[in-house]
Every structure is written in C-alpha cells, then in structure tokens.
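Notes follow the structure.
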Amino acid sequence: MDAETDRRKSGIYRYRAGATSEPVSAGDAIRQVVDSLGIAEKLREQRVLSLWEEIVGEDIAAVTRVEGFRWGQLSVSVQNPTWRHWLTFQCETIRQNLNREVGGDVVKTIWLK
C-alpha cells in the first residue's frame, strides 16, 4: 500500500456526495457549516447579546445589564425603578431594532427586572 492509499483509508480524505471541485469563499463555507449544524439561530441569539449596548446607547447600557436570552425572551436587569418604568415604553422599539440588526424575529419579548 502506498502513502496516498493510507491517507484515504485513514479518513483524511472524505467523499462528499454532491461535492464540487469549484472553490468557494470562506464566508460561504462557514454559512454552509452553520446551516448544516443547525446553529444559525443560536448565533443570532448571541449576536443580540453583543449588540445590546450599540442598540440602546451608552446611557441606557450604563443602567442595564443583559442577564440572558432564552426562548425568544431577553432578560434585562435595570438598576432603578425610574429607568425600568421609562424603558417599559421603549421595549418595543428596542426589540424591533435588535431584530432588524440580527436579520430575523429572534427577540420576541424583553423582560425588565
């Protein structure tokens, strides 16, 4: 057996049905992997968390802390009741801006506590 045959048997080369010999961009390859693994939605959720300060602005970010994101509900703690009351009127706008940035209806509700 030659070295090429050894590599093929060891799994270094894997045959993929429908694979083409044409090159693809790194971005396209990553998108294909993300889609095949089914983690696109989780990546959008993580992006929501990282975009909070950018979307709400420096002043609101200073008095809030994103605590988590689960089942479409973004949990945000607010330092004082006055800010929490004011933010209840801003939640829908913030939710829409977050969803627009991540490209989908990821945030269903924002829960202030």
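The values are calculated or read from the model by the stated rules, or taken from the named source; none is laboratory data. As the structure is a computational prediction, the values presented were derived from the model and not from experiment. With ideal geometry, Cβ positions are generated from the backbone for all residues, glycine too; neighbour counts draw on all protein chains shown.
See the values below:
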item	result
Residue within the stretch 55-73 that is of a type in the set (Asp, Glu), out of contact with any Lys or Arg (no Cβ under 9 Å at 6 or more places or on another chain) and within 14 Å of residue 99 (Cβ to Cβ) present	no
From 41, 53, 45, residue being among the acidic types (Asp, Glu) and modelled with pLDDT of 90 or more	53
